[in-house]
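Structure, as structure tokens:
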Amino acid sequence: MTFAHEGYRGHNGYGGTTTGPSMDSLVRLNVNAVAIVPYTFSRNPREITELPIPDRPGSETDPAVRTCIRAAHDRGLTVLLKPQIWIRGSWPGEIDFADEAGWEQFFSAYEDWILHYGKMAQAEDVAALCIGTELVHTTLKHPDRWRKIIAALREVYDGQLTYAANWGEEFENLSFWADLDVMGLNSYYPLSSEKQPTDAELQAGAHRWMQMADSISEAHDRPLWLTEVGYRSVADAWQNPHAEAGDREESLEAQARCYTALAGAVRESARLQGMFVWKWPSYLGHTEGRGNTRNTGFVPGGKPAASVLSGLYAYPPLAPDVTPP
């Protein structure tokens with residue numbers, strides 16, 4: 001599960017008093033691994049000269065992130081440290097530069113920033129580090145610069161390295177998988193384009209993209225993780241899983257049906273070794289969206305989707321139609 005920093009009041013984010021109870025709920029859900037995601041911030045994807053480490057109280061400061069890692073370890077949870085870039089009004093896939101000077105500034109800042117977290121991961125005995133997330137233009141245009149970053153990380157961190165590639169072009173065409181230990185896929189592939197698909201059609205859609213991901217994993221001889229996967233509790237959640245809720249109606253059933261299809265594909269996969277569902281909040285009772293009274297977010301907690309995931313995560317595995325206790 002992705003364990004998201006959702007509280008900015010100090011007590012309800014990473015390192016706050018709510019972290020423990022929220023992680024305890026994951027243990028009860030049979031979760032055994034969490035992705036912890038400290039963000040850095042940038043205003044412009046075309047001009048990045050520095051990537052600051054948060055230091056404002058209530059943000060993902062180093063002490064807060066370290067405390068969160070230790071809380072996970074105290075509960076027997078494996079940790080993937082997954083630093084990410086948040087860009088106002090955009091996303092990391094838009095980071096691109098018109099000249100070599102812009103690329104040099106970016107990669108210099110990025111290497112300093114990710115090495116900071118590599119050293120943290122080593123000090124905190126973190127099992128895996130995600131070296132980047134959905135940085136589409138940077139990876140497809142400059143794979144050798146990424147190989148340099150990977151080599152530098154190997155000097156300070158001896159755990160597993162992965163990269164969280166965006167679904168589609170980036171995941172399917174990344175050229176430096178062999179330099180990493182694990183292939184990471186942020187999977188928001190549609191399950192169906194239909195308004196009212198059958199369960200069998202949803203299952204077939206999940207199986208198609210999982211089979212494709214398996215084949216790429218096999219071709220590169222690297223195990224596969226879903227570094228992100230998730231579905232909103234909205235109508236037609238299967239059509240474009242990453243899309244905003246917009247004015248779509250709340251639908252807990254649609255979300256549960258998507259996760260049921262995903263669970264079937266996961267059980268069939270010959271290559272998948274890990275999965276981090278997007279997402280679980282750092283405090284229980286969190287609702288996504290200010291002033292939003294509809295329950296249309298990704299969080300599966302308190303919804304039928306949680307039972308589907310609990311059954312998937314249980315060991316020994318429960319049959320898909322068995323409701324966990």
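A few notes on this one:
- Matching residues in the range 110-126 - criterion: being more than 20 Å from Leu140 (Cβ to Cβ) and either small (Gly, Ala, Ser) or surrounded by 15 or more Cβ atoms within 10 Å (Cβ to Cβ) (or both): Trp113, Leu115, His116, Tyr117, Gly118, Met120, Ala121, Gln122, Ala123, Glu124, Val126
- Here Leu129 does not fit the description of being aliphatic (A, V, I, L, M) and either touching an Asp or Glu at 6+ places or on another chain (Cβ under 9 Å) or open to solvent by 10 Å² or more (accessible area, probe 1.4 Å) (or both).
Residue by residue, here is whether (1) open to solvent by less than 10 Å² (accessible area, probe 1.4 Å); (2) over 20 Å from the mean Cα position of the chain (by Cα); (3) within 21 Å of Trp278 (Cα to Cα) holds:
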position: Leu174; (1), (2), (3): yes, no, no
position: Met183; (1), (2), (3): yes, no, yes
position: Tyr188; (1), (2), (3): yes, no, yes
position: Glu194; (1), (2), (3): no, yes, no
position: His220; (1), (2), (3): no, yes, no
position: Val229; (1), (2), (3): yes, no, yes
position: Gln239; (1), (2), (3): no, no, yes
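- Pairs, first under 19 Å from Arg56 (Cα atoms) in the range 7-29, second open to solvent by less than 30 Å² (accessible area, probe 1.4 Å) and among the charged types (D, E, K, R), C-beta under 7 Å, six or more apart: Tyr14/Glu60
- Test: residue in the range 65-74 that is touching a residue at least 60 places away in the same chain (Cβ under 8 Å), of a type outside the set (Lys, Arg) and either more than 30 Å from Pro143 (Cα to Cα) or open to solvent by 20 Å² or more (accessible area, probe 1.4 Å) (or both): yes
- Selection count where residues are closer than 14 Å to Ala33 by Cβ and either touching a strand residue (DSSP E or B) at 6+ places or on another chain (Cβ under 9 Å) or open to solvent by 70 Å² or more (accessible area, probe 1.4 Å) (or both), scope the range 75-109: 7
- The selection criterion, being surrounded by fewer than 20 Cβ atoms within 10 Å (Cβ to Cβ), touching a Gly at 6+ places or on another chain (Cβ under 7 Å) and either hydrophobic (A, V, I, L, M, F, W, C) or farther than 17 Å from Thr49 by Cβ (or both), holds for Val156.
- So Ser282, is it modelled with pLDDT of 95 or more, over 26 Å from Leu129 (Cα atoms) and polar (S, T, N, Q): no
- If the condition is being open to solvent by less than 60 Å² (accessible area, probe 1.4 Å) and either among the polar types (S, T, N, Q) or at pLDDT below 95 (or both), then the range 31-43 contributes Thr40, Ser42.
- Scanning the range 14-36 for residues that are in a loop (DSSP other than H, G, I, E, B), under 24 Å from Leu309 (Cα atoms) and in contact with a helix residue (DSSP H, G or I) (Cβ under 9 Å, 6 or more places away or on another chain) returns Tyr14, Leu29, Asn30, Val31, Asn32.
- Restricting attention to the range 1-21, the residues that are within 9 Å of Cys68 (Cβ to Cβ) and either touching a Leu at 6+ places or on another chain (Cβ under 8 Å) or open to solvent by 20 Å² or more (accessible area, probe 1.4 Å) (or both) add up to 2.
- Number of positions in the range 44-64 that are open to solvent by less than 20 Å² (accessible area, probe 1.4 Å), out of contact with any Ser or Thr (no Cβ under 7 Å at 6 or more places or on another chain) and assigned to a loop (DSSP other than H, G, I, E, B): 3
- Candidate set from the range 243-296 (those that are open to solvent by 70 Å² or more (accessible area, probe 1.4 Å) and among the β-branched types (Val, Ile, Thr)); member that is farthest from Val34 (Cα to Cα): Thr293
The values are calculated or read from the model by the stated rules, or taken from the named source; none is laboratory data. All values reported here derive from a predicted model rather than from experimental measurement. Quick reminder, even Gly has a Cβ in these numbers, built from the backbone with ideal geometry, and neighbours come from all protein chains shown. Side chains included, ligands, DNA and RNA excluded: accessible areas come from the protein's heavy atoms. Shrake-Rupley method; radii C 1.70, N 1.55, O 1.52, S 1.80 Å.
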